[in-house]
Amino acid sequence: MDDFHASQPIFVQIRQRLIEMILRGRVGEGEALPSVRQIAAELSVNPLTVTKAFEALVDIGVVEKRRGLGMFVTPGARQQLLVHEREKFLKEDWPRIAAQIRALDLDITALLTTDPKPEAPQK
């Protein structure tokens with residue numbers, strides 16, 4: 001699980017993993033997230049790096065710190081994250097993806113109907 005890539009800071013990658021946990025419902029609204037120490041140990045990273053990831057989620061209002069108890073998902077967090085992540089995707093990722101689609105002269109209809117997982121070769 002500690003397979004980080006060099007293109008982004010580690011705290012950003014941890015934040016994204018936490019966001020995915022919330023979006024996929026692995027941690028529900030009102031529930032506690034894994035502790036800083038637990039995540040740091042699992043990922044073999046400095047606890048301050050994990051804390052920075054949590055602080056980024058607190059800043060956008062989807063996680064709250066409860067003194068002595070840990071970090072909890074706020075009510076409405078999933079919906080708020082959907083809006084936030086969609087806006088981020090459309091602003092940051094989509095322009096690059098759209099440009100690549102145009103550059104490769106790909107048919108958008110074919111892309112939308114194509115199975116993203118290619119079939120394994122038959123033996």
Q. Residues in region 5-24: is at least one more than 12 Å from the chain's Cα centre (by Cα), surrounded by 14 or more Cβ atoms within 10 Å (Cβ to Cβ), touching a residue at least 40 places away in the same chain (Cβ under 8 Å) and not in a loop (DSSP other than H, G, I, E, B)?
A. no
Q) Among the listed residues 100, 122, which satisfies the condition of being farther than 26 Å from residue 33 by Cβ, in contact with a Leu (Cβ under 9 Å, 6 or more places away or on another chain), of a type outside the set (A, V, I, L, M, F, W, C) and modelled with pLDDT under 95? A) 100
Q. Inside region 57-70, can you point out the residues that are of a type in the set (A, V, I, L, M, F, W, C) and at pLDDT below 95?
A. 60, 69
Q) Scanning for something over 23 Å from residue 14 (Cβ atoms) and either free of Cβ contacts under 8 Å to residues at least 40 places away in the same chain or not small (Gly, Ala, Ser) (or both), does region 76-94 turn up at least one residue? A) yes
Q: Kindly indicate the residue of region 56-75 that is without any contact (Cβ under 8 Å) to a residue 24 or more places away in the chain and in contact with a strand residue (DSSP E or B) (Cβ under 9 Å, 6 or more places away or on another chain) and also nearest to residue 13 (Cα to Cα) among those meeting that condition.
A: 58
Q. Can you pull out the residues in region 38-94 that are of a type in the set (Lys, Arg) and either touching a Phe, Trp or Tyr at 6+ places or on another chain (Cβ under 9 Å) or buried (at least 17 other Cβ atoms within 10 Å of the Cβ) (or both)?
A. 52, 65, 66, 78
Q) Of the residues that sit in region 38-55 and are touching a helix residue (DSSP H, G or I) at 6+ places or on another chain (Cβ under 6 Å) and among the polar types (S, T, N, Q), which one is nearest to residue 9 (Cα to Cα)? A) 49
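The values are calculated or read from the model by the stated rules, or taken from the named source; none is laboratory data. None of these values were measured; they are calculated from a predicted model. In this analysis, Cβ positions are derived from the backbone assuming ideal geometry, glycine residues included, and neighbour counts consider all displayed protein chains.
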